[in-house]
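Structure record follows, encoded as structure tokens.
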Amino acid sequence: MTKALFLVDSYLKKSKATVSFVKDGKFVFLDQTIFYPKGGGQPYDTGELIKETEAYKVVHVRKFSGEILHEVDHDGLKAGDEVYCVLNWERRYKLMRSHTAAHVFASLLNKGTGALTTGNQLEEDHVRFDFSLEKFDRELLEEYLAKSNQLLGTDVPVKWYELPKEEAMKIPGVVKMAKAFPPDLPSLRIVEIVGFDRQADGGTHVRNLREVGKIELIKIENKGKNNRRIYFKLN
Ligand SMILES: [Zn+2]
């Protein structure tokens, strides 16, 4: 199993790794990685694997049979090679800030209205967020954005840790996705916005709400009761 370093330290921008296996020349498996694979609404990381003086661009990262597969732009790597992983940190850091912002909004909305998340997609320049809400009320949503902004940019720590599944499932609202089934694992990874929210989550987040900045509404769409849709971006 690829050791997912980003789950423990989301601020690792560089790290060493050993190639464990290469498939069809361009699909590279490592013993450990800082590259986030596409999943849970968070896009994959990009960057480079560097072997001596040669850089292999990482163009896609995804999960594959429990492993993490790095697709690179050209052939040449082989099992046993020592590589240096370097993230496109600007992209990743923006996604971390967006992901934490999305949790703040989802949490406030869930607490205030009971709305569940029905879909979410982070992009480099915006966040799309879908949720179920009985009544479509633009003003109410704008109010929750304003509430989120009161919290964002203030000094509130964010932590992540593993909890035994049984204990984690006792936390009210720990799963806010309408159709999410907790994974069949003995423990769950919890992302906690201290004093506000605890959510089962495998994504990468910032350590403090101070780092997020503010969010700005792009647009609100009404796609039916289970798909009220909001787009926002970071400022
Ligand atoms: Zn999340």
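I'd like the full set of residues that are basic (Lys, Arg) and under 12 Å from residue 29 (Cα atoms), limited to the range 44-81.
62, 63, 78
Scan the range 18-42 residue by residue and report those that are assigned to a strand (DSSP E or B) and charged (D, E, K, R).
23
Of all residues in the range 25-54, count the ones that are farther than 12 Å from residue 92 by Cα and more than 16 Å from the ligand (Cβ to nearest atom).
Residues in the range 25-54 being farther than 12 Å from residue 92 by Cα and more than 16 Å from the ligand (Cβ to nearest atom): 16 in total.
Just a yes or no: is a residue in the range 111-121 in contact with a Gly (Cβ under 7 Å, 6 or more places away or on another chain) and within 16 Å of the ligand (Cβ to nearest atom)?
yes
Tell me yes or no: at least one residue of the range 170-181 is exposed (fewer than 14 other Cβ atoms within 10 Å of the Cβ) and more than 16 Å from the ligand (Cβ to nearest atom).
For the range 170-181, residues exposed (fewer than 14 other Cβ atoms within 10 Å of the Cβ) and more than 16 Å from the ligand (Cβ to nearest atom): present.
When you scan the range 191-228, how many residues do you find that are touching a residue at least 40 places away in the same chain (Cβ under 8 Å) and among the small types (Gly, Ala, Ser)?
Qualifying residue count, the range 191-228: 3.
Counting only residues that are touching a helix residue (DSSP H, G or I) at 6+ places or on another chain (Cβ under 7 Å), more than 18 Å from residue 6 (Cβ to Cβ) and surrounded by fewer than 20 Cβ atoms within 10 Å (Cβ to Cβ), how many does the range 184-209 have?
Adding up the residues that qualify gives 2.
What do you reckon, is residue 11 on the phi < 0 side of the Ramachandran plot, surrounded by fewer than 16 Cβ atoms within 10 Å (Cβ to Cβ) and touching a residue at least 40 places away in the same chain (Cβ under 8 Å)?
Spelling it out, residue 11 is indeed on the phi < 0 side of the Ramachandran plot, surrounded by fewer than 16 Cβ atoms within 10 Å (Cβ to Cβ) and touching a residue at least 40 places away in the same chain (Cβ under 8 Å).
Tell me which of these residue 178 doesn't satisfy, since it passes every other one: (1) over 17 Å from the mean Cα position of the chain (by Cα); (2) modelled with pLDDT of 90 or more.
Residue 178 satisfies every listed condition except (2).
Name, by its number, the condition in (1) without any contact (Cβ under 8 Å) to a residue 40 or more places away in the chain; (2) within 12 Å of the ligand (Cβ to nearest atom); (3) of a type outside the set (D, E, K, R) that does not hold for residue 185.
With respect to (1) without any contact (Cβ under 8 Å) to a residue 40 or more places away in the chain; (2) within 12 Å of the ligand (Cβ to nearest atom); (3) of a type outside the set (D, E, K, R), residue 185 is out only on (2).
Any idea how many residues of the range 55-96 are buried (at least 21 other Cβ atoms within 10 Å of the Cβ) and within 16 Å of the ligand (Cβ to nearest atom)?
3
Within the range 14-39, restricting attention to residues that are closer than 30 Å to residue 231 by Cα and surrounded by fewer than 17 Cβ atoms within 10 Å (Cβ to Cβ), which residue is modelled with the highest pLDDT?
38
What tally of residues in the range 199-227 results from selecting those that are within 16 Å of the ligand (Cβ to nearest atom), of a type outside the set (A, V, I, L, M) and either at pLDDT below 95 or at positive phi (or both)?
The total comes to 3.
Look at residue 140 and say whether it is in a helix (DSSP H, G or I), closer than 23 Å to residue 11 by Cβ and aliphatic (A, V, I, L, M).
Answer is no for this residue.
The values are calculated or read from the model by the stated rules, or taken from the named source; none is laboratory data. In this text the structure is predicted, and so the values were computed from the model without any measurement. Neighbour counts are summed over all protein chains in view; Cβ atoms, including those assigned to glycine, are modelled from backbone coordinates with ideal geometry.
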